[in-house]
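Right, one structure below, let's go through it.
The values are calculated or read from the model by the stated rules, or taken from the named source; none is laboratory data. These numbers come from a predicted model, not from an experiment. Using ideal geometry, Cβ is built from the backbone for each residue, glycine included, and neighbour counts are taken over all protein chains shown. Quick note on the areas: whole protein, heavy atoms, side chains included, nothing else; ligands and nucleic acids left out. Shrake-Rupley method; radii C 1.70, N 1.55, O 1.52, S 1.80 Å.
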Amino acid sequence: MKAIIMAGGEGTRLRPITCTMPKPAVPICDKAVIIHIIELLEKHGIDEIAVTLKYLPSEIKKIIASALAQGKIKTEIKFCIETSPLGTAGSVKNCIRECYNNSDEDYLIISGDAMTDINIRDMIAFHKEKQPMATIAVKAVDEPTEFGVVLTNSQNMVTGFIEKPTESESVSNLVNTGIYIVTPELMDLCPDERACDFAKDIFPKLLENNEKIYTFETKDFWCDIGDITSYRETNLALLNQTKERAFVGKNCNISSKAIINNSVISDDCMIGDDAVVENSVIWAN
């Protein structure tokens, strides 16, 4: 199955980090989010990958080129740059045309700004078994008010959507992870060269047309990088997945008298005597 990583957003809620860096380029445990995603795709046997770009595209291209040169990833990545905002579905349709010559097969779509180790093979198998127009990966979370909530029936079919519901509207805690498998027929619902969004436009239209959308609920690690707080929490959540007390990058000079606990320390950092670093993310240098 071919994959498309949506990496064109500006990440305004993550400013000032994203003033000079696109959101998929921000480091999680000292590795850009988009490299984590490409590694995940490769792990599950996907070797045809395209990336949609708009904001600071050269920065993402440099990161991917460096990862290829260092052997961290193996797949030659295709790029599709938006000249005007096309939305999530519009950018994907544009990418399918430019990078895959409108290939008549289903596509795995994954957001370039979230960390996950979702079992993609299982999701693909589920989609092939059910054969819907779209399959949406969902995750149960403690605070669904921060996300797009997906309503389902007992057969795991989508019945509706609520975008960032209030507490009284939170009748479900299953949220949209931004990971989809879609058919070429679904992409026909998106107009050419116009802004169009999966969650706001395409999926509701499918429901109106009585088309099936299935949910694939993942129990695996997934963290959305929405703002500065969630960025820090995502780093620390990934650290906790490794069950390490701290992540320390290369060429760091850390005093034996310093206390480091539940923190990410990037390359070339210096921490002196009696310093205490807890629940923190320190970037390189």
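Using a probe of 1.4 Å, the accessible surface attributed to MET1 totals some 70 Å² when neighbouring protein chains are kept in position. What fraction of the DSSP beta bridges in the chain is antiparallel, stated in percent and rounded to the nearest 5? If we restrict to bridges inside the chain, about 45 percent are antiparallel.
Only helical DSSP H runs with n ≥ 4 go in: add -39500 (n - 2.57) per run for the chain, normalise by residue count and round the 222 nm mean residue ellipticity to 500 deg cm²/dmol.
Details: 7 runs with 73 residues, N = 285.
Counting only the DSSP helices, I get -7500 deg cm²/dmol.
Out of the trypsin sites (Lys or Arg not before Pro) in segment 203-285, which ones are loop residues according to DSSP with at most 16 other C-beta atoms within 10 Å?
For trypsin sites (Lys or Arg not before Pro) across segment 203-285 that sit outside H, G, I, E and B with at most 16 neighbouring Cβ atoms in 10 Å, the list reads LYS212, LYS219, LYS243, ARG245, LYS250, LYS257.
A Gaussian network model of the chain, with springs between Cα atoms under 10 Å, assigns the largest mean-square fluctuation among THR159, THR242, THR177 to THR242. For the pair segment 102-136 and segment 16-38, the centres of their Cα atoms are 23 angstrom apart.
By average Cβ neighbour count within 10 Å, what is the ranking of 270-278, 143-151, 46-54 from highest down? Numbers along the way, then the final one.
Numbers: 270-278: 12.6, 143-151: 18.3, 46-54: 20.6.
Order by mean packing, descending: 46-54, 143-151, 270-278.
Rounded to the nearest 10 degrees, what's the angle between the helix 57-69 long axis and the longest principal axis of the chain, both from Cα atoms, 0 to 90? Compared with the principal axis, the helix lies near 70 degrees.
Assuming 1.567 mPa s and 4 °C, estimate D for the chain with Stokes-Einstein, Rh taken as the Kirkwood radius over Cα pairs, in µm²/s. It diffuses with D of about 65 µm²/s by this estimate.
Can you tell me the orientation of helix 120-130 relative to the chain, as the angle in degrees between its alpha-carbon axis and the longest Cα principal axis, to the nearest 10? The angle comes out at about 10 degrees. Among ASP188, ASP30, ASP201, the largest mean-square fluctuation in a Gaussian network model of the chain, built with springs joining Cα atoms closer than 10 Å, belongs to ASP188.
On a per residue basis, the chain carries 48 Å² of accessible surface, using protein heavy atoms and a 1.4 Å probe.
Seen against the Cα atoms of the chain and their longest principal axis, helix 228-241 is set at about 80 degrees.
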